[in-house]
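Some notes on the structure that comes next.
Only the coordinates and a few stated rules stand behind these numbers; no lab work does. Everything quoted here is computed from the prediction, not taken from an experiment. Backbone-built Cβ (ideal geometry, glycine too); neighbour counts: all protein chains shown.
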Amino acid sequence: MIKAENVHKSFGKLEVLKGIDMEVHPGEVVVLVGVSGSGKSTFLRCLNFLELTNEGVITIDGKRVNQKKDDLAKVRAEVGMVFQHFNLFPHKTVLENVMEAPIMVKKVAKSTAKTTALEILGKVGLSDKADVYPNKLSGGQKQRVAIARALAMEPKALLFDEPTSALDPELVGEVLQVMKDLADEGMTMVVVTHEMKFAKEVADRVIMLNEGIIIEDADPDTFFNHSTNERTRQFLEMVNV
Amino acid sequence: MPVPELFVTFYEVFMQTYKGFLEAGLLTIEITAIAVVIGTILGIIFALMKISHSKILQTIANLYITLIRGTPLIVQIMFLYFGITSIIVLENFWAGAIALGVHNGAYIAEIFRGSIQGIDRGQREASLALGMNRSQTMRRIVFPQALRRAIPPLGNQFIITLKDSSLVYVIGVSELFGVANRVAASNFKQFETFLVVGLYYLILVLIFTALLKWYENKLDVDK
């Protein structure tokens, strides 16, 4: 579904990604972990071309993406993204947030978009908030709207960039539950998170990044219980698992 | 007793002049309105040029803004008046309104540029991540939010425009200040006359401020 080969990314002189190879298969949930500055968020943003790579190839659904020539908007429409700070559109209601892209990008009729949006909002448990503006929502509700907004485009895969890091502890659970439901339905997901419990329970694979390279790529059981990698063990000790 | 005397002469001047001032006030409002429209249009155009990726457009916009901000309005009015009227026939009224509009365009461009660039980067990214293209992202996500944010400083700028419109008296437009000048020169009651005209400006500004407050509140409903 998503394939990255030899991805390099630098910001000025700082080389953040130093050659990353990774493949995500359809229906797979991959969790990216690593200390801050390891490049995991940057890598995730490269998968959606919010950052353009300096070197390397990214293939989405079997199609090799040319960053310079291809219409990146079209590529992005197929891969949803959920951000740490939600980034809901504050001048639009919850419903309008969810309807916006299907109408503008997919040219879906307004009435159809509305029906679909309400259905998806029901799925994330926010039917009653459809006509509310985002600033009236809690962090957990905002993030669930953000997920609904991404889902409305019927993406082939979803990227999550630390979706629960900006939330109060008591609101984390409701967002993780929605993500877990998506995983159970077979959504392809790449998740950058510090929620090790989520990684243990939901991930098919856990990938550890360190200083811009992948140092471990394993199933959760191996990763959390039988890792032979010194760095991974240090990291797990640090996050207290 | 000087104070009651002042009130008496003030009242006299007020009663003698209000008809003329009402007409002049209307002219002030018209000039301001035209200048605001021209200024807003120019402001949008030059703000877009400044945030564009074209070096040439950026340079043109910077040149315009630097020239306007770097010279006094009164010089710009004279320059435009004599510059334009040497090429085409133009009423003083229009020359003044256009000069005031061109002047304001530079400041309004900076207001728009600031409010556009002040929109959180995450808004653009969220829009792009949904598959919207650059122009859809600007039109649907960035500009509506930027406009909302621009309204308070824009209102402020419009008040400045209203007051600055007094300067077009130098090219002989009979707006409030021009009329006040003429009245004062004929009745020799300069103090009272300028007090009266000051009051008119104050009233106009207060009315406009109230309208602006009302509009801002209306926009803020539910948000």
- Note on the structure: Share (percent) of C-alpha pair distances in chain B greater than 28 Å works out to 43 percent
- Task: Would you kindly calculate the mean projected area, averaged across all directions, of the convex hull enclosing the Cα atoms of segment B:54-123, in square nanometres?
- Result: 6.1 nm²
- Task: Work out the P(r) tail for segment A:72-118: percent of alpha carbon pairs separated by more than 13 Å, whole number.
- Result: 61 percent
- Just from the alpha-carbon atoms, what are the Rg and Dmax of segment A:199-241 in angstroms? 9.7, 26
- Item | Residues with amide H under 5 Å from that of A:Phe160, placed H, sequence gap 5 or more | A:Val82, A:Val190, A:Val191, A:Val192
- Item | Gain on full stretching of the segment that runs from A:Glu15 to A:Glu237 - 0.36 nm per residue minus C-alpha separation | 77.2 nm
- If you take the C-alpha gyration tensor of segment B:29-79, multiply each eigenvalue by 5 and take the square root, what semi-axes do you get, largest first, in whole Å? 23, 15, 6
- Item | A:Asp61-A:Glu201 FRET efficiency (beta carbon distance; Förster radius 25 Å; 0.05 resolution) | 0.40
- Item | Centroid-to-centroid separation of segment A:112-158 and segment B:26-46 [C-alpha atoms, Å] | 42 Å
- Note on the structure: In the structure shown, of A:Lys107/A:Lys200; B:Lys19/B:Lys218; A:Lys40/A:Lys180, the pairs separated by more than 32 angstrom at the C-alpha atoms are A:Lys107/A:Lys200; B:Lys19/B:Lys218
- Label-point separation in nm, A:Glu119 to B:Ile51, each point 7 Å along Cα→Cβ: 3.6 nm
- Once exposed loop trypsin sites (Lys or Arg not before Pro) are cut out (DSSP; at most 11 other Cβ, 10 Å), longest piece of chain A: A:108-241
- Dipole of the protein assembly as shown [Lys/Arg +1, Asp/Glu -1 at C-beta], most positive-end residue of A:Gln84, B:Phe21, B:Gly43: B:Phe21
- Message: So for chain B, averaging the separation of alpha carbon pairs under 8 Å that are six or more residues apart and normalising by length, what relative contact order in percent results?
- Response: 30 percent
- Item | DSSP-defined beta bridges in the protein assembly as shown - what % are antiparallel, rounded to 5 | 55 percent
- Message: Can you tell me the length gained on complete extension of the stretch B:Phe7 to B:Thr85, counting 0.36 nm per residue apart and subtracting the Cα distance?
- Response: 23.7 nm
- Task: For the protein assembly as shown, would you read off the P(r) tail past 43 Å as a percentage of all alpha carbon pairs?
- Result: 37 percent
- Message: From zero outward in steps of 10 Å, how is the percent of C-alpha pairs of segment A:78-153 spread across the bins?
- Response: 22, 59, 18, 0
- Query: What is the local net charge at A:Pro155, summed over the other residues whose Cβ is closer than 12 Å to its Cβ (Lys, Arg +1; Asp, Glu -1)?
  - Reply: +1
- Would you tell me the mean number of C-beta atoms belonging to other protein chains that fall within 10 Å of each C-beta in A:83-92, as a whole number? 5
- Message: For segment A:40-118, I need the span (max minus min coordinate) of the C-alpha atoms along each principal axis, in Å, sorted largest to smallest.
- Response: 42, 26, 17
- Query: Given just the C-alpha atoms of segment A:1-96, how large is their convex hull per residue in cubic angstrom?
  - Reply: 140 Å³
- Task: Whole number please: convex hull volume per residue, Cα atoms of segment B:75-187, in Å³.
- Result: 119 Å³
- Using only the alpha carbons, work out the radius of gyration and Dmax of segment A:95-241 in angstrom. 17.6, 55
- Could you bin all the Cα-Cα distances of segment A:166-223 into 5 Å bins starting at 0 and give me the percent of pairs in each, rounded to whole numbers? 4, 16, 26, 23, 16, 11, 2
- Message: Modelling each spin label as a point 7 Å along the Cα-to-Cβ direction, I'd like the B:Phe191/B:Asn156 distance in nm, to one decimal.
- Response: 3.5 nm
- Note on the structure: With segment A:150-197 reduced to its Cα atoms and the Debye formula applied, log10 I(q)/I(0) at q = 0.14, 0.32 1/Å amounts to -0.34, -1.37
- Message: Could you work out the relative contact order of chain A? I mean the mean sequence separation of Cα pairs under 8 Å and 6+ apart, divided by the number of residues, in percent.
- Response: 28 percent
